[in-house]
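Engineer: Got a structure here, written out as structure tokens. Questions coming.
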Ligand code: SF4
């Protein structure tokens, strides 16, 4: 048997000329190989992890968590996809052929359709004798799998349909931070990797100075961002800085809110923060203001500010094509942005159901390089 290092060397050699993926079966008693292989494989190679057949209930929660770090789609291996009439396109778009020429809809459906040697008449429409489509080669044929978002035409072989990206906009809290609220080591490692080919920006409700303090370890990897829910728009490379401030009358209106906190730059108020329960109804309906609920605290901005407006401004200033922008977030506050851009991801642990439904992908930052590829390096090499 080849060693992990030999295998990884071969992958590195092959990836220079072909698109490929790698994969491994996770043995519940010994996941060390899975973790080691993922760590050693190039970050831009997707590694699928199959659950061990008949042992799918044996994985502990921490094991599932670490297997999802390795493969963002691993949880699908543990789901039970009940067979329903018309739920799959096996037998029409794809077939499984045994060595003797017998053709089946998929490898677990035992109803033979025909034989390629005897040219027997196809038995269509086919019957499915299974209760569940319980492995990738079956459930990948299902029309409700959503796997084509990740793999496109490469779905049967799990080779990602990589999106060409110029700019990446990342929410901060909950998207690139860990349980303690700090930017995670994985985020630091992967943003450092991504920044060579993709412009990386932040898109956060945090004011600029707070976000930059929190993101101190990645400050050299990012190109700017949209801060304070769009109240501050910054692009370091362009030396661009815009404050989208609350107007005088809007400011007078909010000044009555008890215990309000005001954020300002150069005398311009770009954001206010107040307790939700202390905000009077007339403020909630004031069309000059944009209110964003953040777990009992409400961020108050000018109605012209917003994460989406800020991202579009940076795209305009840089000439980024909207189809080459990727956005990633974890909460309701990211929903407008996730809905707008066709390349988007909700974090795997996001509690926001609508965000997960609208996002193109469910991924964490460490998975991004498997599904997107940057255009910056190519542009630089032709300069
Ligand atoms: S087991 Fe195979 S043929 Fe049956 S529904 Fe699932 S994918 Fe389709």
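Please treat every number below as a calculation from the coordinates, not as lab data. None of these values were measured; they are calculated from a predicted model. Glycine gets a Cβ as well: all are built from the backbone with ideal geometry, and neighbour counts include every protein chain shown.
Engineer: With labels modelled as points extended 7 Å from the Cα through the Cβ direction, what inter-label distance (nm, one decimal) is found for residue 82 paired with residue 248?
Structural biologist: So the label points at residue 82 and residue 248 sit 6.5 nm apart.
Engineer: With a 10 Å cut-off between alpha carbons and a GNM built on the chain, which of 198, 262, 222 moves the most?
Structural biologist: Maximum among the listed residues: 262.
Engineer: By count of other Cβ within 10 Å, fewest leading, how are 132, 326 ordered?
Structural biologist: So the residues, fewest neighbours to most, are 132, 326.
Engineer: What number, rounded to the nearest 500 deg cm²/dmol, is the helix-based mean residue ellipticity at 222 nm of the chain, given -39500 (n - 2.57) per DSSP H run of at least four residues and division by all its residues?
Structural biologist: -7000 deg cm²/dmol
Engineer: For residue 217 and residue 321 in the same chain, what is the full-extension length gain: residue separation times 0.36 nm, less their Cα-Cα distance, in nm?
Structural biologist: 34.6 nm
Engineer: Whole Å is fine, so just give me how far the alpha carbon centre of segment 82-139 lies from that of segment 8-47.
Structural biologist: Taking the Cα centre of segment 8-47 as reference, the centre of segment 82-139 is 30 Å away.
Engineer: Next question. How much of the DSSP beta bridge set in segment 124-241 is antiparallel, as a percent to the nearest 5?
Structural biologist: Beta bridges within segment 124-241, antiparallel portion: roughly 50 percent.
Engineer: Given the options 239, 182, 216, state which has the largest fluctuation in a GNM of the chain using a 10 Å cut-off (strictly under) for Cα springs.
Structural biologist: Taking springs between Cα atoms under 10 Å, the residue moving most is 239.
Engineer: Rg and Dmax of segment 290-383, using alpha carbons, in Å: what are they?
Structural biologist: 15.0, 50
Engineer: Separate question: Could you tell me how many degrees, from 0 to 90 and to the nearest 10, lie between the Cα long axis of helix 61-70 and the main elongation axis, the longest principal axis, of the Cα atoms of the chain?
Structural biologist: 90 degrees
Engineer: Can you tell me the alpha carbon radius of gyration of segment 189-259 divided by the globular rule-of-thumb value 2.2 N^0.38 Å? Write down the numbers at each step before the final one.
Structural biologist: Values: Rg = 15.1 Å, N = 71, 2.2 N^0.38 = 11.1 Å.
Dividing the Cα radius of gyration by 2.2 N^0.38 Å gives 1.36.
Engineer: Between residue 52 and residue 15, how many nm apart are label points set 7 Å from Cα along the C-beta direction?
Structural biologist: 2.8 nm
Engineer: Using 0.36 nm times the number of residues separating residue 93 and residue 277, minus their current alpha carbon distance, what extension gain do you get?
Structural biologist: Stretched out fully, the residue 93 to residue 277 stretch lengthens by 60.7 nm.
Engineer: Moving on. Angle between the Cα long axis of helix 185-194 and the longest principal axis of the chain, 0 to 90 degrees, nearest 10?
Structural biologist: Roughly 80 degrees, rounded to the nearest 10.
Engineer: For the chain, what is the percent of antiparallel DSSP beta bridges, rounded to the nearest 5?
Structural biologist: So the antiparallel bridges in the chain amount to around 55 percent.
Engineer: A follow-up question, please. Quote the FRET efficiency, to the nearest 0.05, computed for residue 264 versus residue 297 with a Förster distance R0 of 25 Å and r equal to the Cβ-Cβ distance. Walk me through the numbers before you get to the answer.
Structural biologist: Details: r = 18 Å, r/R0 = 0.72.
Calculated transfer efficiency: 0.90.
Engineer: Just the projected area, averaged over all directions, of the convex hull on the alpha carbon atoms of the chain: how many nm²?
Structural biologist: Mean orientational projected area (the chain, Cα hull): 24.0 nm².
Engineer: Another question, then. By count of other Cβ within 10 Å, fewest leading, how are 367, 190, 89, 282 ordered?
Structural biologist: 282, 89, 190, 367
Engineer: Let me ask something else about it. Quick one: grab Rg to one decimal and Dmax as a whole number for segment 4-78, Cα atoms only, in Å.
Structural biologist: Cα-based Rg and Dmax for segment 4-78 come out at 12.7, 39 Å.
Engineer: OK, next. Just want to confirm a number: the relative contact order over segment 248-302, from Cα pairs under 8 angstrom separated by 6+ residues, in percent.
Structural biologist: 33 percent
Engineer: If you average the sequence gap of Cα pairs under 8 Å that are 6 or more apart and divide by the length of segment 109-243, what percent do you get for the contact order?
Structural biologist: Computed value for segment 109-243: 14 percent relative contact order.
Engineer: Note down the relative contact order for the chain as a percent, whole number, built from C-alpha pairs under 8 angstrom at least six residues apart.
Structural biologist: Dividing the mean separation by the residue count of the chain yields 14 percent.
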